[in-house]
Amino acid sequence: MGTKRVLVTLGLAVTGLLLLLIVFTTWYTVDESEQAVVISFGQAGAPVTESGLHFKLPWPIQKAEILSKETYSIHFGYKQDKSGEIIDKETKMITGDEYIVLTDLTVQWRIVDPKKYLFNAEEPVEILRDAASASIRSVIGSSTIDAALTDGKAEIEAKTRDLLTSLVENYDIGIAVQGVKLQDVELPNAEVRAAFTAVTDARETKNTKINEAKKYENQKKNEAIGERDAIKSQALGKKTARIEQARGDVALFNDLYTEYAKNKAITRQRLILETLEQVLPKANLYIMNDSGETVKYLPLQQLPQLPSADETEKPAEKGEKAS
């Protein structure tokens, strides 16, 4: 009787465990930032991307692998200790002109196909890391040290991204490369780093001076163009004024000639008098006739008042009386 009770209790316990297993393994939830793959006896189904509560067959018939949709980052590069010295492990590589450099690279990636990510490779992240190392080494190996340390970093970064993307697509591991950022390229020796830093500073100073010179050139050029336009405008104004003045003089001469043609003698005398008036503006003009008398003629001059004969004789008479 005791054995039977033990077996019944054991059976109830197993049944309870199975029920609990069925209850807790027949559903799963997918967040908005997640995706899932339901695996049935090792065979993956279609990815589940809809968020919410989902149901499946209990374990071990089916299980759900939930993966994130977020963007991950892997860092491939050197590190610095507390004293600032560079610790280089796997980052040493050689340039096309046979110089050793250290690179600091960051790769951003995300899972685009959960089924391939889970079953096409055992360690997809390690494969991505190796592909990133191979890509940057290949690009650095075809670049010069001057380009790697100065103004060629953007081109190296772009070539690395293209090469890494091509490799990952060929591996078909369900990963997509979102971006490649070349953080820095350094030299392993402190003295050489200082020398190249000086070269970089000199190049930047050179570019700054060139830009300042171009700015000064453009400023002077604009000032010269403005001065030229002002001179042209002033000359055009003078030209127009001279033309209008000449036309006025021609019209005046034509009118004068018309009057001259009507009475040449009078007009000639008038021209002579007007010319004398212009040449001698402060002189008093007296026009005399043949008998020596003053002739009235325009413009009239204010003649001084001559003393009469009676006035000239009065002082003499007073003198005689005094004598």
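We did not get these values from a lab; they are worked out from the coordinates using the rules stated. As the structure is a computational prediction, the values presented were derived from the model and not from experiment. In this analysis, Cβ positions are derived from the backbone assuming ideal geometry, glycine residues included, and neighbour counts consider all displayed protein chains.
Taking other C-beta atoms within 10 Å as the exposure proxy, LEU102, LEU252 rank LEU252, LEU102 from fewest upward.
Less than 5 angstrom separates the built amide H of LEU187 from those of LEU102, all sequence-distant by 5 or more or on a different chain. In plain terms, the residue of ASP97, ASP162, ASP104 with the fewest other Cβ atoms within 10 Å comes first and the most crowded comes last, giving ASP97, ASP162, ASP104. Near ILE173, once Lys and Arg are set to +1 and Asp and Glu to -1 for all other residues with Cβ below 9 Å from its Cβ, the sum equals -1. By the Stokes-Einstein formula, at 0.890 mPa s and 25 °C, the stretch 72-202 with its Kirkwood radius over alpha-carbon pairs has D equal to 158 µm²/s.
Taking other residues whose beta carbon is less than 13 angstrom from the beta carbon of ILE210, and scoring Lys, Arg as +1 and Asp, Glu as -1, yields +2.
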